[in-house]
Amino acid sequence: MRLSVVGALLLVPALAVAGDDRCVDVQFTPTDKLQIVAWIETSTGAYVDTLFVTQQIGSFGLGNRPGRFDFNSGPNWPYGRRITTFPVWSHKHGQSFPAVLFQNMATDDPDSCIGLTGSEYARCGENNLSHDFTESSFEYHYCKPLDHHGSASDVMSWDTGTCASIVYTDKGRFSTTATTGYPPRADLTRLAQDTPSVDLYKMMNPFDAVSQATPVGGTDTHASGSATLPPGDYVVMVEVAKEFDQNASFSFPPPTGIAFDYVGEPYRGQPSVLYRIPITSTPGTTTGLTQSFVGYGDPEGLDGVIRPIDGKITTDTPGSGAARLELVSDGGEMYRVRVKLQQPNLGPPPGIPANLQADAITSNSVSLSFVAPSYGDDHLQVGGYEIRIRASDEMTEDNFSQSMPVTARVIPAAPGEIQRFELTGLLPQTDYWIGVRAFDGCRVAGDLAFFHVTTLERTAGDVDACFVATAAYGSLLANDVEMLRRVRDLFLRTNAMGELGVEAYYTFGPALAGVIGDSDLLRATARGMLAPVVASVRNVAY
C-alpha cells in the first residue's frame, strides 16, 4: 500500500517525478502500552504525510468517540474522546472531522450539561457511561468500564487487559457544529441501533491505511511507509503518548458528579512527547537519528504547539515521559528514533503467508500460525503483516479492506520461520474468516492468505454477572442493569436469605438468559417484569 501525498508538489521547491518515491523506515524500541504516530514535514514545518499511527487512534477512533475527554480509563475503555493523545499531530495534518457525540445529546454542544446539577447532571449525555439499548449495538473492540475494586471478574479483566464480556455500546453520531483533528472509527458496520453517521465513519477516515497494531514493549520496531519526496531536506516527527504516566507536574483528578464515577482510574498524566529527526532525500540511502525529545504537547489537547523542555517531563524513569522510547545502542550509534530513506524495492513483492492454519480453537479465541514469506530478489525479511477478521460472511480480496483490523501484532521473522498470533474476544459458535498479508519496507503488500474457522460452543459458566437483566436490556451498561447490580450488592448480599437467592440466580440464570436473549418478545417481557423492581429502588439508590 503506497501513501498518496496530497498536495506534496505545493509543499516542496522541486518538481516531483516518478523516481522521487522513497521508502521511509522509522525505527525505535517502545516500552509498554504506548500510542505512537510518525509523520513527515518539510524543513520549514509544512505537513507532508503520515507514515504510521497506532490502531487505537487510526482505526478504532480513540480520539473521536462519544464522551468527555477526562472520563476515567481502563483496559479498552469504550467512551471518552482522548484528545490529549496526539495534540501536535491532530492539529498539524490539517484535516478536520465532525466530532462524534452520544446519540442522546440534546444539542451539538459537548458542554450542554453545564448548569445542570445532581442526578440530572450525572445522566446528561456527555457525563453518562450507560446508554439505552435502543441506541447501543454490539461491540467487537472496546470493553465495558471495569470496577477494579469490585467484582472478581472486573479485577481479573483489569489485570489481564481483556474484556470480561462482549457488550453493547453507543457508537454515536456526528455533530453538525463541533469538529476535531482525530478521525472516527473505521471498524464499524452500521447496525439497526446505529445512526446514519456510522455509515460515514470509515469513508471519512484517511488514516486506517497506515494504522498498525500497538508495538510490543521491548521489541525493535520498524514503522515503515512510502512517500513522494523530491530531493531536499525534510523532518520526520514522532509523537508518543501514554496513559497513567503521572508525575509531580502532571497529575489530574477524576471528573466529579458523573454517573458510574467509581469505575476506572484517572488516566491523564504527562502529555505527549515529541522527537524530531532531520533527513535528506537523495537518490541514494540516507539516515538520521535522535536521542532526545524536543518538547511536549498540550496537556489539555487544545492546541498543536510544542511546549519547550522545561524540567516538567520525567527523563530518568524507563517507560515514563521522555524515556517512553528506549535508548538503543547499535554499532556505536545511540538513538531513541532512527530514520532511513531509500529507494523502493523493484523486485518481487512479498509472497503469500503459507500454510495459514488454526493451532487451537476455543469458544472465544483462535490461535493461528503460518510460514513467513520473503520479498525482493534477495529474499529479504518482510516489514510486517496486516491482519483482518470478518464474521458471518466470507472474506475476499474485494472486501478485505472493509473487514475489521485486529490488534494482534506479529513480529516479522526470517523467511521460512513459523509465525504465530492469537485472536481473542470472539463469539461462540460463530463463523470467522481471517485474512493475512505481508508488506515490505515500503508497505507494499503481497497476496492474501485466508482461513475460515468456527468457534466452539460456549463453555459452562461463560456468562457475565447479571445474566437475565443483561439479556433483557442488552448491555451491562444499561442504567437499569446497573441499578439491579447495586440492589444485589447493597441489599441481597447483606443477609443469608438474599445471598441464597443470589446463588440460585447464578446457578439457573445463564440458561434462562440464553433463552431470553434470543427472543425480542421475551426480552421485552423480562424488562417489564424487572421494571417495578428498578422503579422501587431508584429513589433509594439516588
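Results for (1) of a type outside the set (Phe, Trp, Tyr); (2) more than 26 Å from residue 241 (Cβ to Cβ); (3) surrounded by fewer than 17 Cβ atoms within 10 Å (Cβ to Cβ), shown as yes or no for each residue.
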{"residue": "170", "(1), (2), (3)": "yes, no, no"}
{"residue": "173", "(1), (2), (3)": "yes, yes, no"}
{"residue": "184", "(1), (2), (3)": "yes, no, no"}
{"residue": "190", "(1), (2), (3)": "yes, yes, yes"}
{"residue": "194", "(1), (2), (3)": "yes, yes, no"}
{"residue": "197", "(1), (2), (3)": "yes, yes, no"}
{"residue": "209", "(1), (2), (3)": "yes, no, no"}
{"residue": "217", "(1), (2), (3)": "yes, no, yes"}
Residue in segment 437-476 that is surrounded by the fewest Cβ atoms within 10 Å (Cβ to Cβ), counting only those that are modelled with pLDDT of 60 or more, in contact with a Leu (Cβ under 6 Å, 6 or more places away or on another chain) and not small (Gly, Ala, Ser): 451
Qualifying residue in segment 144-156 (condition: closer than 23 Å to residue 57 by Cβ, touching a residue at least 12 places away in the same chain (Cβ under 8 Å) and of a type in the set (Ser, Thr, Tyr)): no
From 175, 224, 165, residue being small (Gly, Ala, Ser) and at pLDDT 90 or above: 175
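What are the residues in segment 222-257 that are more than 22 Å from the chain's Cα centre (by Cα), assigned to a loop (DSSP other than H, G, I, E, B) and crowded, with 19+ Cβ neighbours inside 10 Å, if any?
229
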Test set (1) touching a residue at least 24 places away in the same chain (Cβ under 8 Å); (2) assigned to a loop (DSSP other than H, G, I, E, B); (3) exposed (fewer than 15 other Cβ atoms within 10 Å of the Cβ); (4) of a type in the set (Gly, Ala, Ser) - residue 115 fails condition number: (1)
Residues satisfying the stated conditions in segment 264-288, i.e. part of a loop (DSSP other than H, G, I, E, B), crowded, with 21+ Cβ neighbours inside 10 Å and not small (Gly, Ala, Ser): 267, 268, 270, 271
Test: residue in segment 190-198 that is basic (Lys, Arg), assigned to a loop (DSSP other than H, G, I, E, B) and under 15 Å from residue 103 (Cβ atoms): yes
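Could you tell me whether residue 401 is within 23 Å of the chain's Cα centre (by Cα) and farther than 30 Å from residue 294 by Cβ?
Taking the combined requirement at face value, the residue satisfies it.
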Selected residue (criterion: nearest to residue 68 (Cα to Cα)) from residues of segment 313-328 that are hydrophobic (A, V, I, L, M, F, W, C) and not in a loop (DSSP other than H, G, I, E, B): 322
Hits in segment 50-73 - residues which are of a type in the set (Gly, Ala, Ser) and crowded, with 23+ Cβ neighbours inside 10 Å: 58, 59, 61, 63, 67
Lone qualifier among 25, 32 - being in a loop (DSSP other than H, G, I, E, B) and in contact (Cβ under 8 Å) with a residue 60 or more places away in the chain: 32
Qualifying residue in segment 313-323 (condition: touching a strand residue (DSSP E or B) at 6+ places or on another chain (Cβ under 9 Å), touching a residue at least 12 places away in the same chain (Cβ under 8 Å), farther than 30 Å from residue 432 by Cβ and surrounded by fewer than 17 Cβ atoms within 10 Å (Cβ to Cβ)): no
Candidate set from segment 334-347 (those that are within 24 Å of residue 232 (Cβ to Cβ) and assigned to a strand (DSSP E or B)); member that is modelled with the lowest pLDDT: 342
Only listed residue being in a loop (DSSP other than H, G, I, E, B) and at pLDDT below 95, chosen from 303, 310, 378: 378
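For segment 205-215, state whether one or more residues are farther than 26 Å from residue 23 by Cα, assigned by TED's automatic domain parsing to the domain that holds residue 150, assigned to a helix (DSSP H, G or I) and touching a residue at least 40 places away in the same chain (Cβ under 8 Å).
Scanning segment 205-215, I find no residue that is farther than 26 Å from residue 23 by Cα, assigned by TED's automatic domain parsing to the domain that holds residue 150, assigned to a helix (DSSP H, G or I) and touching a residue at least 40 places away in the same chain (Cβ under 8 Å), so the answer is no.
Matching residues to (1) of a type in the set (A, V, I, L, M); (2) within 30 Å of residue 216 (Cβ to Cβ); (3) assigned to a loop (DSSP other than H, G, I, E, B):
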{"residue": "61", "(1), (2), (3)": "no, yes, yes"}
{"residue": "65", "(1), (2), (3)": "no, yes, yes"}
{"residue": "77", "(1), (2), (3)": "no, yes, yes"}
{"residue": "80", "(1), (2), (3)": "no, yes, yes"}
{"residue": "85", "(1), (2), (3)": "no, yes, yes"}
{"residue": "89", "(1), (2), (3)": "no, yes, no"}
{"residue": "109", "(1), (2), (3)": "no, no, yes"}
{"residue": "120", "(1), (2), (3)": "no, no, no"}
{"residue": "131", "(1), (2), (3)": "no, no, yes"}
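The values are calculated or read from the model by the stated rules, or taken from the named source; none is laboratory data. Since the model is a prediction, treat every value here as computed from it, not as a measurement. Neighbour counts run over all protein chains shown; Cβ positions are idealised from the backbone, glycine included.
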